[in-house]
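Right, one structure below, let's go through it.
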Amino acid sequence: MKRPIIILLFAGAFLPVGAQRVLSLDSCRAMALRNNKQLSVAKLKQDVALNTQKAARTAYLPKVDVVGGYEWTSKEVSLLKDSQKEQFNTLGTTLGAKAGETMPAMMMEMMQKGLITPQQAQAWGGFLGEKMGTLTTAVNGIGQSVTDAFRTDTRNMFGGAVIVKQPIFMGGAITAANRMADINMELTAHSTDAMEQNTLYSIDQTYWTIVSLRQKQKLAQSFLELVQKLDGDVNKMIAEGVATRADGLKVSVKVNEAEMALTQVDNGLALAKMLLCQLCGLPVEENITLADEQTTELQARPASAEFNIQTAYDYRPELKMLENVVELSQQKTKLTRAAYLPQVALTGGYMMMNPNPFNGFKKELSGVFNVGVLVRIPVWNWFEGAYKVRASRTSTTIASLELAEAREKIELQVNQSAFKVKEANKRLSMALKNVEKADENLRCANLGFKEGVMQSTEVMEAQTAWLQASTQRIDAEIDVRLAEVQLQKALGTLQ
């Protein structure tokens, strides 16, 4: 058991410290989809739309609210007028005054009729005079108690209620709002799909651009080695006197141009890898190598240019989003119309108050249940609703026209992409033939130069033609792959 471990540790000691990370196209795509911040935002928007949809569903259910409050007023509610209070408070005094006015006359009349004697009248007058003050005070007290009984003492009022409201008919507003929430959910999903396709398209473009630059780097290195070998041969010929100094300078200039081209390719390759790291969510200084970089030839196959335009109509997320916009506008029209239709709701609840109005405004907390029906019927609004509905319908028409225009543009885009695929296939076929001819031409030029029947300038021309043909082959192979990806994106099937 120890021996294999020791071997592994020994082998690991010789591994380079900055080991390169090898990435395939699929791994780059997966990392980009996982680490793209805009995609994360789009998925969070989907979560927002989902919760909005759930919130819209609750509009069908009854709502329960609890309210409460306290209010202080500088004056209390009075059930009696001030004049009535005064009459109650002085009721005994008023009765005593009237009795004092009528009692002597009654005594005199009774004496004239012989019902009582003057001595009896005097005795009764004295007795009533003594008791009248007590009676007046007692009756005044009774009047005051009546006044106090009618006091509400509502300067300090406490109240609370539990209110239940159940919509019955809202003119279709709840249904329209729920449908809008559903459409918004679909809209965010299609937006996420569109963003995913754009991300994949950017990854594919950058990936194959790096592969192309890597192949061009190898090509530039091979070309530099060719011109350096030619430069060495020409210098030997100059030393032997069979070539001129001018021939050597021409080749040296070609060597410098090849070195400059190689430097430009190196810089472009480094920048492209930085861009790919950024798209994949990796540090830009990450040392990466692509799986297709190491292939000697890309071996691109001709791409298929066959398509069905209905596929684009069914799968393009941009069209789906515009269709959602049209549907949203239609539901908005229904929602606008619902605001001007009759609305019916069932209400109920329990209300508590202190002072208690059901028990003579006594200082106690008491409550009462209530059930009712709330009906709202718009009668006249100077055609405001009609104008708003017309405006909303016009917006729907605009959205429909934009959808039709987008369909036309997408159809044109798909046809252009298919045309580019066919063009890339032709260029690839021609480039492969040109490479074969350029290889043969370079072989003949090198052989003729060795035999002394061709000049160095002719060899450089053959080398330049070989470089150009090889570069065109690399570009054609990459164009085939990118054209295929572009056609998939135009059809909405890139994934």
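Taken together, 175, 192 contain a single residue that is part of a helix (DSSP H, G or I), open to solvent by 50 Å² or more (accessible area, probe 1.4 Å), out of contact with any Cys (no Cβ under 6 Å at 6 or more places or on another chain) and among the hydroxyl-bearing types (Ser, Thr, Tyr), which is 175.
Residue-wise test of (1) buried (at least 17 other Cβ atoms within 10 Å of the Cβ); (2) closer than 30 Å to residue 167 by Cα.
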{"residue": "336", "(1), (2)": "yes, yes"}
{"residue": "352", "(1), (2)": "no, yes"}
{"residue": "361", "(1), (2)": "yes, no"}
{"residue": "374", "(1), (2)": "no, yes"}
{"residue": "401", "(1), (2)": "no, no"}
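Checking each residue in the range 275-288 for being without any contact (Cβ under 8 Å) to a residue 12 or more places away in the chain and either surrounded by fewer than 16 Cβ atoms within 10 Å (Cβ to Cβ) or in contact with a Ser or Thr (Cβ under 7 Å, 6 or more places away or on another chain) (or both) picks out 278, 283, 284, 285. Go through (1) crowded, with 19+ Cβ neighbours inside 10 Å; (2) touching a residue at least 60 places away in the same chain (Cβ under 8 Å) for residue 213 and report which single condition fails. With respect to (1) crowded, with 19+ Cβ neighbours inside 10 Å; (2) touching a residue at least 60 places away in the same chain (Cβ under 8 Å), residue 213 is out only on (2). Evaluation of residue 424 against the conditions (1) aliphatic (A, V, I, L, M); (2) touching a Pro at 6+ places or on another chain (Cβ under 9 Å); (3) not in a helix (DSSP H, G or I) shows that the sole unmet condition is (3).
Kindly indicate the residue of the range 142-171 that is open to solvent by less than 40 Å² (accessible area, probe 1.4 Å) and modelled with pLDDT under 85 and also farthest from residue 73 (Cα to Cα) among those meeting that condition. The selected residue is 143.
Annotation note: of 252, 222, 202, the sole residue that is assigned to a helix (DSSP H, G or I) and within 33 Å of the chain's Cα centre (by Cα) is 202.
All of 427, 481 fail the test of being surrounded by 18 or more Cβ atoms within 10 Å (Cβ to Cβ) and in contact (Cβ under 8 Å) with a residue 60 or more places away in the chain, apart from 481. Within the range 53-83, can you find the residues that are open to solvent by less than 70 Å² (accessible area, probe 1.4 Å), modelled with pLDDT of 90 or more and in a helix (DSSP H, G or I)? If the condition is that a residue be open to solvent by less than 70 Å² (accessible area, probe 1.4 Å), modelled with pLDDT of 90 or more and in a helix (DSSP H, G or I), then 53, 55, 56, 58, 59 are the ones that fit.
The values are calculated or read from the model by the stated rules, or taken from the named source; none is laboratory data. Computed from a prediction, not measured in an experiment: that's the story for all the values here. Methodologically, a virtual Cβ is constructed for each residue, glycine included, from the backbone with ideal geometry; neighbour enumeration extends over all protein chains shown. Ligands, DNA and RNA are stripped out before the accessible areas are found, and what is left, the full protein with its side chains, is counted by its heavy atoms. Shrake-Rupley method; radii C 1.70, N 1.55, O 1.52, S 1.80 Å.
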